[in-house]
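The values are calculated or read from the model by the stated rules, or taken from the named source; none is laboratory data. What you see is a predicted model, and the numbers here were worked out from it, not measured in a lab. For neighbour counting, all protein chains shown are included, and Cβ atoms are generated from backbone atoms with ideal geometry for every residue, glycine included.
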Amino acid sequence: MTGDPAEPKGPPVGRRVILGLTALGGAGVLWGSRAQDALSRLLEPLEARDPTGLIALFPLGDTFRFYSVTGSVPTRTAATYRLTVSGLVNRPATYTLGDLQAMSQTKLVRDFQCVTGWRVPHVHWSGVRLSDLLDAARPSAAAKAVRFRSFDGTYTESMTLEHARRPDVLVALQMLGGPVSHDHGGPVRIYAASMYGYKSTKWLSAIELTDKEVPGYWEQRGYDLDGTIHN
Amino acid sequence: MSAEPAPQARTLARFSRAERIVHRTTALLMFTCIVTAAILYNAPLAIRVGHRRLVELVHVYSGFALPVPMVLGLISIAYRADLRRLNRFARTDWRWLRSRRRRDGSIRVGKFNAGQKLNAALTAGSVIVLLGTGLIMWFPSLTRLSWRTGSTFVHDWFALGLGLLVLGHITFALNDPEARRGMRRGHVSVLWARREHAAWADEVQPEDDEAVSPE
């Protein structure tokens, strides 16, 4: 190219479009949370009756996103599932799915809130209170924290014993009106209502009592050890 | 040998090497972003692939890198000149957008038609918004929760929009081999230029001075 003789003329529409989009994005960050609630309320009845399923393809933000940190997760059935409670306890125990189902069940209707921002409002949860399992295990005086393991073989999480004893922490057997599906971390997962989703360990296989909190999978990768939801 | 070279052999320089490198690296990063975004967002894909941390890392770092070639391109004079062309909308651009006969050549288009200009601006703006909202989600401790929820909302919708823009861009490119050649090799035939970008062809090679530019 040997120089441009004609300098382009006309208003800088390109720049205006870029600035406009940036402003729109900024407004969306500030008020998008409310816009999303309004939008999903508006479209919920439509989505339920939409025979094409097309509405579900739009990012309305009120659906679960499926997180798995491994390639594939083995399936556990009622026959093969086991949950162990061990560590700094006086009475270690192993539960089958039937054992857990026979215990007193607690129902909650609470949001599932991811630390990155997405949430699913008003999810129905049901299961055994974690505090019931902890009481049955009789933690020793040295026990200060709880560590969860997952049968995906990789994921771990932890919370203080105090947090773990809150009444809104469930060893969940049901969510969304049915048994916890494999993709949602079934047959048994944690649901900690007042904490971000990364605390709600999927595919729960073991609960260990420890003398201090051991940083879990995401916490080793930068997330806060205290996953309490702060607005 | 007195035979004139065939008109098809005559070419005009359209994109400099710097511009083509920017285009190619941007395309590669954009493709990576889109594939990983699909895995992160689409439930059946997310379940099939798993490995969330790895997919996330690839997505986020491709996203952070996405604007880099576009910014580095500013070193190039030709790239800056084309940005100036893309930025300005002449009256004919509005006419071109409204006209049903925009493709018949009756409106003489410059180096870029109004659709290309609009696509460039929308893409650039979307990349800025996606980068900003991506940063907010990647560093959750920086902002309050409602901003992160807002960022997720904005990121999802802008990603959908940008995905459609890219799809449209690729569709137009697939339908125009000569336009693709311009971006791949840097030059286009004079015939194509006179048909699609008549005002530009006149500007770089006036009709009465049809010197053959060497390849």
Of (1) more than 30 Å from A:P12 (Cα to Cα); (2) basic (K, R); (3) touching a Lys or Arg at 6+ places or on another chain (Cβ under 6 Å), B:R52 satisfies all except one. Which? (3)
Between a residue in the stretch B:187-202 that is surrounded by 18 or more Cβ atoms within 10 Å (Cβ to Cβ) and in a helix (DSSP H, G or I) and any residue that is at pLDDT below 95 and among the hydroxyl-bearing types (S, T, Y), which pairs come within a Cβ distance under 9 Å, given they are 6 or more apart or on different chains? B:V190/B:T11; B:V190/B:S213; B:A193/B:T11
What number of residues within the stretch B:48-65 are part of a helix (DSSP H, G or I) and either more than 24 Å from the chain's Cα centre (by Cα) or β-branched (V, I, T) (or both)? 10
Is at least one residue of the stretch B:113-121 more than 10 Å from chain A (Cβ to nearest Cβ), among the aliphatic types (A, V, I, L, M) and surrounded by fewer than 20 Cβ atoms within 10 Å (Cβ to Cβ)? no
Check on B:S141, over 22 Å from the mean Cα position of the chain (by Cα), surrounded by fewer than 17 Cβ atoms within 10 Å (Cβ to Cβ) and facing another protein chain (nearest Cβ under 8 Å): yes
Could you say which residue among A:A136, A:A145, A:A141, A:A193 is in contact with an Asp or Glu (Cβ under 6 Å, 6 or more places away or on another chain), surrounded by fewer than 24 Cβ atoms within 10 Å (Cβ to Cβ), among the small types (G, A, S) and more than 25 Å from B:I47 (Cα to Cα)? A:A145
Okay, strands (runs of 3 or more DSSP E) sitting entirely in the stretch A:139-203 with 3 or more residues that are in contact (Cβ under 8 Å) with a residue 60 or more places away in the chain, I get A:145-150, A:156-160, A:169-175
